[in-house]
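Here's the structure we're looking at; comments come further down.
Coordinate-derived values only; no laboratory data. Since we're looking at a predicted model, the values are computed, not measured. Every residue, glycine among them, receives a Cβ derived from its backbone with ideal geometry; neighbour counts consider all protein chains shown.
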Amino acid sequence: MLLSIDTSAGTSVAVVDRDRGILAEYAEADTRRHAEVIGDLILACMSEADLAVTALSGVAIGMGPGPFTGLRVGIAAGQAFAFGAGKPVVPVISHDAIAFGHYAAGGTGPLLVVTDARRREVYWSTYRGADAAGLPERVDLPGLIRPDDLPSAVADYEHYVRLDADMVSAGAAGMLAETLFLHKRPFAGAEPLYLRSPDVTLPAGPKRVS
């Protein structure tokens, strides 16, 4: 069983089991309240699933793409929970979770996943379909682009089913992680997919005092 967290869009937390599916899932759509709600959502999921922390085998974390401020809340919360529980972190790409949910619900064929990147830009990923294990086959790593430029950037754009998502289901992310593990497929890398620099950066050197 996994605790699963994704804050690449809103805030979503779930507890999943490979055989029984999603045992509990809670979400908050407000993208300004990640830090306020993440702890309560984790507690609610663990309570509804009626699990002790020791029953978990790991913590799945959505690694983006997502805005820096929101995405890092979920990653930090998941890493802290995993460290305290003595469980491994299982990173997954958030767009892959959206595609996994789409194909698990009966979707087929080429898929274009689009999420809000703020600053009048969007994140996008393309998939050719799902393989025999139900895992999405991504064409390339997620990108960042202005919405009006998307049709010209995606080859054969008109052949894709476009899915604009305002939330990434932590339940889907967790089940994606379980399926990857079952079929011995690699997880995502350890680096978050911010795809742009944070709004606030530290100065390159010490501040001069006159």
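How would you order 168-180, 137-149 from highest to lowest mean count of nearby Cβ atoms within 10 Å? Don't skip to the answer; put the middle values down first.
Working: 168-180: 27.0, 137-149: 14.0.
The peptides rank, most packed first, as 168-180, 137-149.
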Length-normalised contact order for the chain - Cα pairs under 8 Å, 6+ apart - percent: 26 percent
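Under a Cβ-only charge scheme (Lys and Arg +1, Asp and Glu -1), can you give me the dipole magnitude of the chain about the Cα centre, in debye to the nearest 20?
Working: 18 positive and 25 negative charges, 159 e Å.
Around 760 debye, computed over the chain.
How much of the DSSP beta bridge set in the chain is antiparallel, as a percent to the nearest 5? Present the calculation step by step, with values, prior to reporting the outcome.
Numbers: 24 of 36 bridges.
Percentage antiparallel, nearest 5: 65.
Arrange the following residues from fewest to most other Cβ atoms within 10 Å of their Cβ: T69, T126. It would help to have the intermediate numbers written out before the result.
Details: T69 17, T126 22.
Ascending Cβ contact count within 10 Å gives the list T69, T126.
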Contour excess over end-to-end distance, with Cα ends at E121 and A105 and 0.36 nm allotted per residue: 3.0 nm
Kyte-Doolittle mean at least 0.5, axial Cα span of 24 Å or more - DSSP H helices of the chain: 68-85
Overall form of segment 1-95 per C-alpha gyration tensor (a/c, 1.5; a/b vs b/c): prolate
Likely footprinting exposure, E191, E121, fewest C-beta neighbours within 10 Å first: E191, E121
Structure-derived Kirkwood radius over Cα pairs in Å: which label, when the choices are [x] 17.5; [y] 19.6; [z] 16.8: [x]
Given charges at Cβ of Lys, Arg, Asp, Glu: the chain dipole, positive-most of S47, V154, A82: A82
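Please rank F68, F100, fewest neighbouring Cβ atoms within 10 Å first, as an exposure proxy.
Values: F68 16, F100 25.
In order of increasing Cβ crowding within 10 Å: F68, F100.
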Residue among T179, G21, I5 farthest towards the positive dipole end of the chain, charges placed on Cβ: I5
Under 5 Å, built H, 5+ apart or other chain: amide partners of R162: L112
Value of D in µm² per second that Stokes-Einstein yields for segment 1-48, Kirkwood Rh from Cα pairs, at 20 °C (1.002 mPa s): 200 µm²/s
